[in-house]
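Student: The structure under discussion is supplied below as structure tokens; questions concerning it will follow.
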Amino acid sequence: MLMLVKKAINGDSEAFLELIDIHQDTMLRIAHGYFTQNADIADAMQDTILDAYEHLSELREPQYFKTWLIRILINNCNHIYRSNKKYISLETMPEINQKTSLDPDTPLNKFHELLECVSEENRLCFQLYYGEELTTREISDILHIKESTIRSRMHRERIKLKDKLQDTAI
């Protein structure tokens, strides 16, 4: 196996692919320890293979290829996990049942009522900004939308909500 690693370091892509095949099961088991969603596992594996291929020349000791590869995988899993932790899909949030809620006037219940007034397109931005207290820059990174677009969407939705709240107060 040491010979394969040396070949891969010297630019032999077939040797690199063979190394990945050898370590694929180990990588899958580790990724399964982090995630239950197949999409997240696939992302972690893909990112790891790409990172390893791009940085293969930086491997100092060929005999530590497996350790090095696993470290890359763990870093990628941690990155994906942190990214997923910041992202909360409204579809996966439990519905608030007004009948079982002790106090329908709690801030959380009121917030969810306000979210229902926000357009579908902008609801996630609104949730991440006010619900998760992320910055517009963080939201931009998560959603891959320009920060200025997020700010303008938020501004439009705040105006709509203000008008709606004024209409219901009258």
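Student: Against the condition on the phi < 0 side of the Ramachandran plot, open to solvent by less than 100 Å² (accessible area, probe 1.4 Å) and at pLDDT 90 or above, how does I72 come out, does it pass?
Tutor: In short, yes.
Student: I would also like to ask the following. In the stretch 53-69, what residues are charged (D, E, K, R) and either open to solvent by less than 50 Å² (accessible area, probe 1.4 Å) or without any contact (Cβ under 8 Å) to a residue 12 or more places away in the chain (or both)?
Tutor: E54, E58, R60, E61, listed by residue number.
Student: Can you tell me how many residues within the stretch 18-40 are farther than 15 Å from I70 by Cβ and crowded, with 19+ Cβ neighbours inside 10 Å?
Tutor: Final tally of qualifying residues: 0.
Conditions tested, residue by residue: (1) closer than 12 Å to C77 by Cβ; (2) of a type in the set (A, V, I, L, M, F, W, C).
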| residue | (1), (2) |
| --- | --- |
| A15 | no, yes |
| E18 | no, no |
| D21 | no, no |
| L28 | yes, yes |
| H32 | yes, no |
| D47 | yes, no |
| Y53 | no, no |
| R60 | no, no |
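Student: Which numbered condition trips up V5, out of (1) in contact (Cβ under 8 Å) with a residue 12 or more places away in the chain; (2) open to solvent by less than 80 Å² (accessible area, probe 1.4 Å); (3) under 31 Å from the mean Cα position of the chain (by Cα)?
Tutor: (3)
Student: Can you list the helices (runs of 4 or more DSSP H) found entirely within the stretch 100-170 that contain at least 2 residues being at pLDDT below 65?
Tutor: Once the helices (runs of 4 or more DSSP H) in the stretch 100-170 are filtered for at least 2 residues that are at pLDDT below 65, what remains is 107-117.
The values are calculated or read from the model by the stated rules, or taken from the named source; none is laboratory data. All values reported here derive from a predicted model rather than from experimental measurement. Glycine gets a Cβ as well: all are built from the backbone with ideal geometry, and neighbour counts include every protein chain shown. For accessibility, only protein heavy atoms count, side chains too; no ligands or nucleic acids. Shrake-Rupley method; radii C 1.70, N 1.55, O 1.52, S 1.80 Å.
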